[in-house]
1. Take the stretch 16-28 and flag every residue that is surrounded by fewer than 10 Cβ atoms within 10 Å (Cβ to Cβ) and at pLDDT below 90.
2. Within the stretch 1-44, can you find the residues that are part of a loop (DSSP other than H, G, I, E, B) and within 15 Å of residue 66 (Cβ to Cβ)?
């Protein structure tokens, strides 16, 4: 195994072993914690259109809409829906 891979794995293990407050000390700048981002269900819950629409609140409570610098989000993953599925663009 190369030295670079060993260093990467060691750093991964170190970060996974840190608690939240200790991990935040390693951040280089400002961050946006997940609890500061409203969910889709809470984002615009006062509109009449949403009251008429039957939503799956189990999904709406898990999805958030965020407008800003995504590199500052304190999250494990970011999903961006594209215009087309990746499998539609692949040619074999």
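The values are calculated or read from the model by the stated rules, or taken from the named source; none is laboratory data. What you are looking at is a predicted structure, and each value in this text was computed from that prediction instead of being measured. Cβ: placed from backbone, ideal geometry, glycine included. Neighbour counts: every protein chain shown.
1. 26, 28
2. Hits for the stretch 1-44 are 30, 31, 37, 38, 44.
Conditions (1) closer than 23 Å to residue 35 by Cβ; (2) modelled with pLDDT under 80, marked per residue:
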{"position": "49", "(1), (2)": "no, yes"}
{"position": "52", "(1), (2)": "no, yes"}
{"position": "59", "(1), (2)": "yes, no"}
{"position": "70", "(1), (2)": "yes, no"}
{"position": "80", "(1), (2)": "yes, yes"}
